[in-house]
1. State whether one or more residues within region 334-353 are assigned to a loop (DSSP other than H, G, I, E, B) and open to solvent by 10 Å² or more (accessible area, probe 1.4 Å).
2. Take the residues in region 97-111 that are of a type in the set (A, V, I, L, M, F, W, C) and under 15 Å from the mean Cα position of the chain (by Cα); name whichever of them is nearest to residue 216 (Cα to Cα).
3. Here is a list: 289, 327, 322. Which entry is in contact with a helix residue (DSSP H, G or I) (Cβ under 9 Å, 6 or more places away or on another chain) and over 30 Å from residue 88 (Cα atoms)?
4. Can you tell me how many residues within region 99-124 are open to solvent by 40 Å² or more (accessible area, probe 1.4 Å), touching a residue at least 24 places away in the same chain (Cβ under 8 Å) and of a type in the set (Lys, Arg)?
5. From the list 90, 110, pick out the single residue that is at pLDDT 95 or above and either part of a helix (DSSP H, G or I) or at positive phi (or both).
6. Search region 310-321 for residues being within 13 Å of residue 271 (Cα to Cα) and open to solvent by 30 Å² or more (accessible area, probe 1.4 Å), and hand back the single one that is farthest from the chain's Cα centre (by Cα).
7. Condition check: within 24 Å of residue 280 (Cα to Cα), within 12 Å of the chain's Cα centre (by Cα) and without any contact (Cβ under 8 Å) to a residue 40 or more places away in the chain. Does residue 178 satisfy that?
Amino acid sequence: MAAIRVILPHPHLPIPSWRPQLKPSSSYPRRAVAAPASLSPSPLTASLQLGDVIEAQQFDRQALNEIFEVAREMEAVERSSHGFRSRVLEGYLMATLFYEPSTRTRLSFEAAMRRLGGEVLTTENAREFSSAAKGETLEDTIRTVEGYSDIIVLRHFESGAARRAAATAEIPVINAGDGPGQHPTQALLDVYTIKREIGRLDGIKLGLVGDLANGRTVRSLAYLIAKYQNIKIYFVSPDVVKMKDDIKEYLTSQGVEWEESSDLLDVASRCDVIYQTRIQKERFGERIDHYEAARGKYIVDKKVLGVLPKHAVIMHPLPRLDEITVDVDSDPRAAYFRQAKNGLYIRMALLKLLLVGH
């Protein structure tokens, strides 16, 4: 039997209490969705509200716990999908609008939708091969695409683009990365990975390494891990790509201890998680001299493994260049490919919660 499609009434109607929403906020107004008569809220999601997914700060611990529980369910769904096709999202269409290159994020979203029985409309290089090349505004593109789909996944080169899209659309919008701004679904899968690998989230010592000025993944991860208790974050980066003050100020306001260091080996010896990132050449513009000065300064290799605690893990949002040597891959503490796989489960969970709510 085909899944029942929910009806989108006028956006100014109040949001029914059954519908999941993550952040009851006026910062991005939400459209209302009527619940089919045959559906009732499950205990898991009755308290979880999920509208758009725009920034890591919109999640609280309760929401994170519930999303992670659904992600665990999605692991079982994915394992059984080879012999049984899920129909949870049958009849739904997801549009992926990617104005910047992507491998893992785009493919994992599309795989997540298909694993749950939905369909995908996609443009891989919207900056060049969509009407944006003709000068069409993002708002006009969003208004057009929402007429063809039930949910939009957006990656854009401008910080704040996802918020603009969410303010325009009458269907859910997921931020899949907005320039140097945020990447909230990456942060969700990162925190989920830490939980799965280390077994806890409170009391974590986390080393963020590499391009901390331009890396949207480390910014979102810092926002999200701050939800937990007794967190210590070490920032290890070249001078030209240090973590920006807004993140440091936010962490301080949340009571999170942080420290800047230039000694990767010392930090690695203290941490539960080393989160390495590449130096993002595309963010330097014409200042290639700054890029060359930063690249290669901090590399995770066998020396780092030698001081890393046995229980600890190495993570990376990928793609990598030379900032993690390939001989690290065979060490069981190298978690970055398991981390990438977890992105499928988190995105399956989000799509399910956004579109059917249970």
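1. Our first condition is that a residue be assigned to a loop (DSSP other than H, G, I, E, B); within region 334-353, this holds for 335.
Narrowing further to those that are open to solvent by 10 Å² or more (accessible area, probe 1.4 Å): none.
No, region 334-353 contains no residue that is assigned to a loop (DSSP other than H, G, I, E, B) and open to solvent by 10 Å² or more (accessible area, probe 1.4 Å).
2. So the first thing to find is which residues in region 97-111 are of a type in the set (A, V, I, L, M, F, W, C), and the list is 97-98, 107, 109, 111.
Narrowing further to those that are under 15 Å from the mean Cα position of the chain (by Cα): 98, 107, 109.
Working: 98: 16, 107: 19, 109: 18 Å.
The qualifying residue nearest to residue 216 (Cα to Cα) is 98.
3. Working: 289 fails: in contact with a helix residue (DSSP H, G or I) (Cβ under 9 Å, 6 or more places away or on another chain); 322 fails: in contact with a helix residue (DSSP H, G or I) (Cβ under 9 Å, 6 or more places away or on another chain).
From the options 289, 327, 322, the qualifying one is 327.
4. 2
5. Details: 90 fails: either part of a helix (DSSP H, G or I) or at positive phi (or both).
The conditions single out 110.
6. Applying the first criterion (within 13 Å of residue 271 (Cα to Cα)) to region 310-321 yields 310-315.
From the residues that got through so far, the ones that are open to solvent by 30 Å² or more (accessible area, probe 1.4 Å) too are 310-311.
Details: 310: 27, 311: 25 Å.
Applying the filter and picking the extreme gives 310.
7. Details: within 24 Å of residue 280 (Cα to Cα): yes; within 12 Å of the chain's Cα centre (by Cα): yes; without any contact (Cβ under 8 Å) to a residue 40 or more places away in the chain: yes.
Judged against the criteria, residue 178 is a match.
This table checks each residue for (1) at negative phi; (2) of a type outside the set (Ser, Thr, Tyr); (3) open to solvent by less than 10 Å² (accessible area, probe 1.4 Å); (4) over 18 Å from the mean Cα position of the chain (by Cα).
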| position | (1), (2), (3), (4) |
| --- | --- |
| 139 | yes, yes, no, yes |
| 153 | yes, yes, yes, no |
| 191 | yes, yes, yes, no |
| 201 | yes, yes, no, no |
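The values are calculated or read from the model by the stated rules, or taken from the named source; none is laboratory data. Since the model is a prediction, treat every value here as computed from it, not as a measurement. Note that we place each Cβ from the backbone using ideal geometry, even for glycine, and neighbour counts take in every protein chain shown. Ligands, DNA and RNA are excluded from the accessible area calculation, which covers all protein heavy atoms including side chains. Shrake-Rupley method; radii C 1.70, N 1.55, O 1.52, S 1.80 Å.
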